[in-house]
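Report on the following structure.
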Amino acid sequence: MTADKISVAQLAARKGRERIPALTAYDYPLARLLDEAGVPLLLVGDSLGMVVLGYPDTTHVTMAEMEHHLRAVARAKPRGLIGGDLPYRSYDTPELAVANARRLVAAGADYVKAEGGAEILPQVCAILAAGIPFCGHLGMLPQHVLEEGGKYRIKGRDEAGRQKLLADAAALEAAGAFACVLELVTPPVAREVTAQCARMLTIGIGSGPDCDGQILVTSDLIGAFPWFTPKFAVPRAKTGEETRRAVAEWMAEVRQPAAS
Ligand code: KIV
């Protein structure tokens with residue numbers, strides 16, 4: 001392990017003191033760049049299905065693909081924690097969840113993440129009992145997009161939704177999850193969940209400013225997937241456009257007739 005590798009306990013101790021920036025990483029150069037910038041929490045998210053592999057949603061991502069990308073990120077030896085998403089249907093039972101979480105750890109993950117609350121609690125408890133740090137994911141669950149009619153809907157808008165988020169977060173925290181992504185949760189409810197959790201870090205995405213940390217799909221931050229950017233993400237670089245410009249410039253140069 002890298003000597004100055006951040007531990008789960010060190011990261012968790014930042015709750016209430018320092019906001020945590022987190023970003024997705026999918027390959028070696030991106031992981032190295034994020035490490036050089038000092039990002040303390042990385043995630044090899046199954047968003048790689050869309051922004052790297054060209055699938056329409058995350059439900060197509062396989063364990064083998066997750067392992068492949070985790071190995072590439074781990075080769076950068078970042079100081080920040082490396083997370084690995086358990087892909088769709090890879091944690092249907094506690095036994096399957098533990099076996100696949102172990103595979104992600106063997107590929108380089110320091111922690112694993114899975115989507116859901118009370119309905120996956122036996123899987124979460126089994127993963128934690130196997131000694132693998134766990135990060136939850138509540139709110140809008142991309143792996144359930146097909147069940148939601150293909151729409152990425154905001155969560156916590158009604159009282160039942162609010163109560164479910166608070167109860168699911170409490171259950172994950174009691175089980176021992178060190179962190180939980182809150183995706184597309186209404187900002188007041190995300191604030192309430194964050195205040196309710198004494199230990200578990202809330203990492204927001206499109207859920208307002210009052211979480212313990214914020215995560216973005218790095219491609220959205222740097223404009224590397226210019227065909228779609230979610231409403232809440234503001235690109236701070238235009239790498240897609242820059243690539244188009246550089247390629248066009250170089251092609252024009254190659255096509256110039258050689259001077260005789
Ligand atoms: O897959 C992913 O990149 C994620 C983040 C959006 C949190 O789950």
Requested in this report: Look through Tyr111, Tyr152 and report the one residue that is among the hydroxyl-bearing types (Ser, Thr, Tyr) and touching a strand residue (DSSP E or B) at 6+ places or on another chain (Cβ under 6 Å).
Outcome: Tyr111
Query raised in the report: If we keep just the residues of the stretch 212-224 that are within 12 Å of the ligand (Cβ to nearest atom) and not aliphatic (A, V, I, L, M), which is surrounded by the fewest Cβ atoms within 10 Å (Cβ to Cβ)?
Result: Gln214
Query raised in the report: With respect to the numbered conditions (1) more than 18 Å from Leu48 (Cβ to Cβ); (2) under 20 Å from the mean Cα position of the chain (by Cα); (3) surrounded by fewer than 16 Cβ atoms within 10 Å (Cβ to Cβ), which one is the sole condition not fulfilled by Glu159?
Result: (2)
Report task. State which residue pairs qualify: first residue within 19 Å of Leu11 (Cα to Cα) and without any contact (Cβ under 8 Å) to a residue 24 or more places away in the chain and inside the stretch 188-212, second residue within 15 Å of the ligand (Cβ to nearest atom) and of a type in the set (S, T, N, Q) in any location, beta carbons under 9 Å apart, and separation of 6 or more residues or different chains. Result -> Thr194/Thr202; Gly204/Gln214; Asp210/Thr202
**Report entry** Within the stretch 163-172, tally of residues that are under 13 Å from Gln196 (Cα atoms) and surrounded by fewer than 21 Cβ atoms within 10 Å (Cβ to Cβ)
**Finding:** 5
Query raised in the report: Residue check: is Lys231 within 16 Å of the ligand (Cβ to nearest atom) and not acidic (Asp, Glu)?
Result: yes
Query raised in the report: Considering only the stretch 126-153, how many residues are modelled with pLDDT of 95 or more and of a type in the set (Val, Ile, Thr)?
Result: 2
**Report entry** Filter result (surrounded by fewer than 17 Cβ atoms within 10 Å (Cβ to Cβ) and in a helix (DSSP H, G or I)) within the stretch 139-154
**Finding:** His144
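Tally the residues that are polar (S, T, N, Q) and either part of a helix (DSSP H, G or I) or more than 16 Å from the ligand (Cβ to nearest atom) (or both), restricting the search to the stretch 7-26. Before the answer, list the steps.
Going through the stretch 7-26, the residues polar (S, T, N, Q) turn out to be 7, 10, 24.
Checking which are either part of a helix (DSSP H, G or I) or more than 16 Å from the ligand (Cβ to nearest atom) (or both) leaves us with 7, 10.
Of the residues in the stretch 7-26, 2 are polar (S, T, N, Q) and either part of a helix (DSSP H, G or I) or more than 16 Å from the ligand (Cβ to nearest atom) (or both).
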Query - Complete set of residues in the stretch 69-97 that are surrounded by fewer than 18 Cβ atoms within 10 Å (Cβ to Cβ) and within 19 Å of Ala114 (Cβ to Cβ) - result: Arg89, Asp92, Thr93, Glu95, Leu96
Query raised in the report: Only one residue in Gly161, Gly156 is away from the ligand (no atom under 16 Å from the Cβ), within 17 Å of Leu141 (Cβ to Cβ), free of Cβ contacts under 8 Å to residues at least 60 places away in the same chain and touching a Pro at 6+ places or on another chain (Cβ under 9 Å). Which one?
Result: Gly156
Query raised in the report: How many of the residues making up the stretch 14-46 are of a type in the set (Ser, Thr, Tyr) and surrounded by fewer than 22 Cβ atoms within 10 Å (Cβ to Cβ)?
Result: 1
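The values are calculated or read from the model by the stated rules, or taken from the named source; none is laboratory data. Keep in mind the model is a prediction, meaning the values are calculated, not measured. So basically every Cβ, Gly included, is an ideal-geometry build from the backbone, and we count neighbours across all protein chains shown.
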